[in-house]
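The values are calculated or read from the model by the stated rules, or taken from the named source; none is laboratory data. These figures come from a predicted structure and were not determined experimentally. Cβ sites come from the backbone with ideal geometry, for glycine too, and all protein chains shown count toward neighbours. What goes into the accessible areas is simple: the full protein's heavy atoms, side chains included, and nothing from ligands, DNA or RNA. Shrake-Rupley method; radii C 1.70, N 1.55, O 1.52, S 1.80 Å.
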There are 2 protein chains.
Amino acid sequence: MVPHLITALTGPINELEQRMLESLPAIERWFRLEWMEHTPPFYTSVDLRNAGYKLAPVDTNLYPGGFNNLTPEMLPLAVQAAMAAIEKICPEAKNLLLIPEQHNRNTFYLMNVQRLMQVFHQAGLNVRLGSLDDSIKEPTTLALPDGGELTLEPLVRRRGRLGLKGFDPCTILLNSDLSAGVPPVLAGLHEQYLLPPLHAGWSVRRKTNHFHAYEEVAKKFAKLLGMDPWLINPMFARCGEVNFGDGSGTDCLMANAETLLGKIRRKYKEYGINEKPFVIVKADAGTYGMGIMTVRDPKELANLNRSTRDRMGVAKDGQEVSEVMLQEGVPTYERINDAVAEPVVYMIDRYVVGGFYRVHAERGADENLNAPGSSFVPLAFAESNQLPRPGVKPGASAPNRFYMYGVIARLAMVAASYELEATDPNAEVYE
Amino acid sequence: MVPHLITALTGPINELEQRMLESLPAIERWFRLEWMEHTPPFYTSVDLRNAGYKLAPVDTNLYPGGFNNLTPEMLPLAVQAAMAAIEKICPEAKNLLLIPEQHNRNTFYLMNVQRLMQVFHQAGLNVRLGSLDDSIKEPTTLALPDGGELTLEPLVRRRGRLGLKGFDPCTILLNSDLSAGVPPVLAGLHEQYLLPPLHAGWSVRRKTNHFHAYEEVAKKFAKLLGMDPWLINPMFARCGEVNFGDGSGTDCLMANAETLLGKIRRKYKEYGINEKPFVIVKADAGTYGMGIMTVRDPKELANLNRSTRDRMGVAKDGQEVSEVMLQEGVPTYERINDAVAEPVVYMIDRYVVGGFYRVHAERGADENLNAPGSSFVPLAFAESNQLPRPGVKPGASAPNRFYMYGVIARLAMVAASYELEATDPNAEVYE
């Protein structure tokens, strides 16, 4: 299934696509050199927006769900990438402890957990599930829609090690973004590999740190390709002390929105883009498409109604929002059956292993699609990501387009690596 | 396309399949530990024979052709494996010099070369072709059946480095098995990675060294699984000084054939196998299915006719055969459309990347299929090798069967690694 790209045949994105294909060996070498210096996150998913004049990551998830949305054809790539990751981290490992989200019993999410277990089993590990939920006192079976089942087991903590009854893992893989903070049971695990590290959780992580790192990566990459980094980089600003309840911090939001809209307007003028700029306002910490609004005029921020203020003030797991990110709005001009779509790319270790389109029939091109009512159309990244075809007219080849998506997603992954290094509380400082 | 396995539902191979699936994490960990101590060959293909009562590798190729016979669905796996290989060997590399067979202008072979170039280009290298043919004095274009073309360029040797005009590679990848000996232009390249190493060529390599190493690997692996190594190991013997022209060495061949047939007979009796044992006699050095005969009675070796003697006495590139291997004959009981078929598994670095069935309608189950008239049926290893399904009836699931094939092929790859270490002329000896 190939999406209908209404921007496919004209505009800067096609020039970018062509330049990327021509520079493929240089790009891949650039990534190899980055991974000599930096460690990729264990797994990553990246939401992209393709505006035709611009292609940018808008969210980088370090605890990706949705692996069940990848097609079965993509699984061998995921297994191979998982094998490569295990070989590096813990080749002698027998056991992997997977810790899913604490309260999520959504069957789609459980199928994601099942898929992850499958991938790591086939990569050669005994995989079992440990629960952060204190009410799980003994092995608890959850039914899956496909007739299968998952067994959640209570965690057993013994001094420096975490495991299950009769199960001592070398590596603990978190699939919970820790929005509610770091549970004590996960603290101080110095004898085992805990991946991703605790500071990748939303209790520590900030989107603005990520996009600050991404800006640096985008500049380096743009220099390699001789292009304007804006074509792949969404501009942003931050307000540190916002209270949507009592309205404090609104001045900061309005001033930053004004400045950001002005910057976007100048870029649109430079490129002759006939669009109305907009800004996305969202919690600096947090995920799940919660607390997100689209702003075209800073005045909108002065007169938020009660329901918007309530919605914006609380992120996942009831965490109060006070730090806010303002991000350049990048419309997505891809459509699948007339519904607005945005590509999501999945990576394990340094490898692109698949992806899908997030599709929402009731949302606009300038809105967040990660909301109830969205659906997923898997894309044959497995057949296409690594198999671009040089010489095909830009914009006309899905494999070429997907190669470009894989490159931008990997740039966001490099940025996540920079970000985690910069925010590592245990980093050794060489002076 | 799933082959019709006439042996599918009964016999020791199904028990083996079931045991392998149950032991998947232990098997994968065993491979991980092997690769901590040993270096996998850069790329490998392995011919397997499935007799229902036995599954064994019969030939391990360290300069595999036939990559064009893999389906396009398998390519992303090959690209990802190639990326992993490059990252380890030469991450800073920009250029790869590929050296194909010297005289092979067969279009199937050229398509294999094209496919390899594609894989390594997409893995992120500039790939060009250097020719060992002295008559290539300037870039020479060869047409391909798909309308594409290949350009062979003359090699340029400068002291310790080999390249092309304006092209200095970090790695030189040989796709020529050097049956005719090591060309001087390849000797003494100490500044670059020459892969596979020169002693992997047939001027040095001996099949009996390989199967000696394989026997060791099969024993270790059989111990892990608690099974008889004979189920996966073809027995063999060797005669070092045979002259098919004047008949000298016939005594050695007959005596070894007698002994080997006796050993097979005892194993058949042990397992209640109602088959007539046979032995394959072939050159200890060499490939391409040349110089191979099937022997059921040692007396056949005493009365070889002129044409058989001529055929057996000369291997590829006109090399005279004097060292001979006798190998336990393993019939292949797989059929595709009634034609005899044997699986061939392809690996890059330590990863299975695909495979196909070699099919020959005019050959018997006890004959060599690598002969004119054979065809290739690609198998969806990409969908299947790493995705076995536990719980499916043994022999009834192609993915499970292919997982087992991938395991046995990787055992042969481990053996090739041992073999290359044991025969390395530059090995450091620690005493």
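For each pair in B:K223/B:K267; B:K54/B:K263; B:K207/B:K282; B:K94/B:K165; A:K88/B:K88; A:K220/B:K88, compute the distance between the two Cα atoms and list the pairs where it is over 21 Å.
From the list (B:K223/B:K267; B:K54/B:K263; B:K207/B:K282; B:K94/B:K165; A:K88/B:K88; A:K220/B:K88), the Cα-Cα distance tops 21 Å for A:K220/B:K88.
Measure nothing but the geometry: give the 0 to 90° angle between the long axis through the Cα atoms of A:75-89 and the longest principal axis through the Cα atoms of chain A, rounded to 10°.
70
Taking Cα atoms, how many degrees apart are the long axis of helix A:250-271 and the longest axis of chain A, rounded to 10 and kept between 0 and 90?
60
When DSSP beta bridges are limited to those with both residues in segment A:89-152, what percentage is antiparallel, rounded to the nearest 5?
45
With a 10 Å cut-off between alpha carbons and a GNM built on chain B, which of B:D366, B:D133, B:D246 moves the most?
Sorting by GNM fluctuation, first place goes to B:D246.
Summarise the partner chain shielding of A:118-126 as one whole number: the mean count of Cβ atoms from other chains within 10 Å of each residue's Cβ.
For this peptide, the per-residue mean of nearby foreign Cβ atoms is 5.
Count, for each residue of A:88-98, the Cβ atoms from other chains sitting within 10 Å of its Cβ, then give me the mean as a whole number. Let's see the in-between values first.
Details: counts 0, 0, 1, 6, 4, 3, 3, 1, 1, 0, 0.
Whole-number average of other-chain Cβ neighbours for A:88-98 is 2.
For segment B:89-113 and segment B:247-314, what is the centre-to-centre distance using only Cα atoms, to the nearest Å?
Here the two parts' Cα centres lie 36 Å apart.
Nothing charged except the Cβ atoms of Lys and Arg (+1) and of Asp and Glu (-1): what's the magnitude of the dipole of chain B about its Cα centre? Round to the nearest 20 debye.
500
Determine the shielding of peptide A:17-29 by partner chains: average, over its residues, the number of Cβ atoms on other chains within 10 angstrom of each Cβ.
3
Sort the following peptides by mean Cβ neighbour count (other Cβ atoms within 10 Å, averaged over residues), highest first: B:124-130, B:21-27.
Ranking the peptides B:124-130, B:21-27 by packing returns B:124-130, B:21-27.
List the accessible area buried at the contact between B and A, summed over both sides and calculated with a 1.4 Å probe, in Å² to the nearest 100.
Counting protein atoms only, the buried area is about 3500 Å².
Which residue, A:N233, A:N243, A:N14, has the most motion in a Gaussian network model of chain A that connects Cα atoms within less than 10 Å?
A:N243
Taking the Cα centre as origin and putting +1 on Lys and Arg beta-carbons and -1 on Asp and Glu beta-carbons, what dipole magnitude results for segment B:174-226, to the nearest 20 debye?
Dipole size: approximately 300 debye.
For all pairs of alpha-carbon atoms in the protein assembly as shown, what percent lies in each bin of width 10 Å, listed from the first bin to the last filled one?
2, 12, 20, 22, 19, 12, 7, 3, 1, 0, 0
Tell me the angle of helix B:207-225 to the major Cα principal axis of chain B, expressed in degrees between 0 and 90 and rounded to the nearest ten.
60
Pick out which of A:I292, A:I89, A:I336 has the largest mean-square fluctuation in a Gaussian network model of chain A, springs linking Cα atoms closer than 10 Å.
A:I89
Which percent of the accessible area of chain A is formed by carbon and sulfur heavy atoms (probe 1.4 angstrom)?
Taking all protein chains in place, chain A shows 50 percent carbon and sulfur surface.
Nearest 20 debye, what's the magnitude of the dipole of the protein assembly as shown about its Cα centre given +1 on Lys and Arg Cβ and -1 on Asp and Glu Cβ?
Dipole size: approximately 520 debye.
Sort segment A:1-123 into rounded, prolate or oblate with this rule: let a ≥ b ≥ c be the square roots of the eigenvalues of the Cα gyration tensor; rounded if a/c is under 1.5, and if a/c is not under 1.5, prolate when a/b is larger than b/c, oblate otherwise.
oblate
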